[in-house]
Amino acid sequence: MELKGKRILVVGAGKSGLAVARFLAGKGAGAVLTDARAPVYQDGELAALEEEGVVLALGGYPEVEREAFDMVVMSPGVPLTEKPARDARANGITLIGELELAYSFARAPLVAITGTNGKTTTTTLIGEIFKKSGRNTLVGGNIGLPLVTEVEKYGPNGVIVAEVSSFQLETTISFKPEVAVILNITPDHLDRYGDMAGYMGAKARIFANQGPGDHAVLNYDDPLTAGLREKTGGRTVFFSRRSELECGVFVKSEKIVTKIDGPEEVICGIKEIGIPGAHNLENALAAVAAAQAAGIGGDTIATVLKEFKGVPHRLEFVTEINGVKYINDSKGTNPDASIKALEACSEPVVLIAGGKNKGSDFDALAGVIKERARALVVLGQSAGLIAAAARARGFAGIQKAADFTEAVMLAHRIARPGEIVLLSPACASWDMFKSFEERGDLFKEIVLNIKRSSCQ
């Protein structure tokens, strides 16, 4: 992709937009960074971008006309219904996102992972497997750093392992990973897509350009995901926690087994895996399938599966206070993720839930709350919806908190020895926080302060 001298509008002044604007300026493009808001960065990052030649147009969008711009690069958090995207399409201006831009400059083979839940854990796990194999490995995308900041540092002998979201995939054109993984598809982001068909269509773009030499790793146990087999031109590799497959990665006699291009191979016992829960077994199976599709041996994979202990904010053990365990699952940003978190807990749970709803229904979550939780603390924009769904299921142990700190303190006071206080909000954080990471970090800070106070 030739960028020098091109006039390019970058829409969205978040982390992705800033990285794209800097990248474009470094390539000699005339980059304009715009945002409907006027964000303020304390470290002077915007001023630094101006010094590098980026033009700032914040607090409103400039007109997107054919004479004004050669390309528009959308940040994933900005819907394609926003005026710059609509005008770009109406005027025949190329419209892409950071993921497509980064891919255009990639020289290393790419493994891409998407799904409603488990993306970060699986992406990180696959990255660790490639690192253990000795490959120069970049892990990024929807987690960590935008790919565009590092992609040119990795050559054909390296590998790029990327978590990709439906928002990022919307604006891809030529994007083609050698290995594409879809973990699962459950209702999420329906406030953006309107229905499941739109959401699934965005996810399926991960393998839209694959050919016979590529691999699509799909969850055999999830009908929506398995049904996407017909949409890939690559070779499908199924993984299953529930069924023994004729070909794929599956569980047999309490062991992870692969059977792809030859006889069955045992990787390791499922009880040897370092991350707990049935959902993490699925994540491990997907990682095994992706790694074997890329030619990594079973011994390397097994070693990492046993050593890997998970990622922050996903069923992250914080501490134990007076016999109560505190677990941070702030990354549980939809009902299905919180269901999986509750199902992974063997002890009675005091659940903290609520935040910004993304168009989700909480009925199924309420059913699991009735089965697994002893008490529920709700907060945020969705507090009333979650509480109402739980009451409809006959669950009465509900308290409402005015803010996040009060929610954690309420849960602490309610919890009994032998129980778990679980933060798994089933909602986005944006009504109270900038990100789920900020929410999870505050949870850990409050809990550790409680522990310090109890020890005095």
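When each of Val288, Val311, Val266, Val54 is scored by the number of other beta-carbon atoms lying within 10 Å, the sequence from fewest to most is Val266, Val311, Val54, Val288.
Shown here for segment 254-356: GluC sites (Glu not before Pro) in loop regions (DSSP other than H, G, I, E, B) with at most 12 other Cβ atoms within 10 Å, namely Glu254, Glu264.
What nm distance separates the two modelled labels at Lys271 and Phe105, each placed 7 Å from Cα along Cα→Cβ? About 5.0 nm separates the two model spin labels.
Cross-link pairs exceeding 26 Å between alpha carbons, from the set Lys203/Lys340; Lys83/Lys340; Lys132/Lys255: Lys83/Lys340.
Computed extension length for Arg416-Glu51: 125.7 nm, one decimal, from 0.36 nm per residue of separation with the Cα-Cα distance subtracted. For each pair in Lys119/Lys259; Lys119/Lys356; Lys252/Lys451; Lys358/Lys451, compute the distance between the two Cα atoms and list the pairs where it is over 31 Å. Check vs 31 Å cut-off fails for Lys252/Lys451; Lys358/Lys451. In the chain, once you exclude exposed trypsin sites (Lys or Arg not before Pro) (DSSP loop, at most 12 other Cβ within 10 angstrom), what's the longest stretch remaining? The reported range is 67-241. Here the Karplus curve 6.51 cos²θ - 1.76 cosθ + 1.60, taken at θ = phi - 60°, turns the phi angles of segment 409-416 into couplings of 5, 4, 4, 4, 6, 6, 5, 10 Hz, with x standing for Gly and Pro.
Where both bridge residues fall in the chain, DSSP classifies roughly 20% of the beta bridges as antiparallel.
Largest first, the extents of the alpha carbon coordinates of segment 289-371 on the three principal axes equal 43, 38, 22 Å. Scalar couplings 3J(HN,Hα) for segment 266-278, obtained by applying the Karplus form with A = 6.51, B = -1.76, C = 1.60 to θ = phi - 60°, are 7, 8, 5, x, 5, 7, 8, 5, x, 10, x, x, 4 Hz; x denotes Gly and Pro.
None of the figures in this text is laboratory data; all of them are computed from the coordinates on show. These figures come from a predicted structure and were not determined experimentally. Every residue, glycine among them, receives a Cβ derived from its backbone with ideal geometry; neighbour counts consider all protein chains shown.
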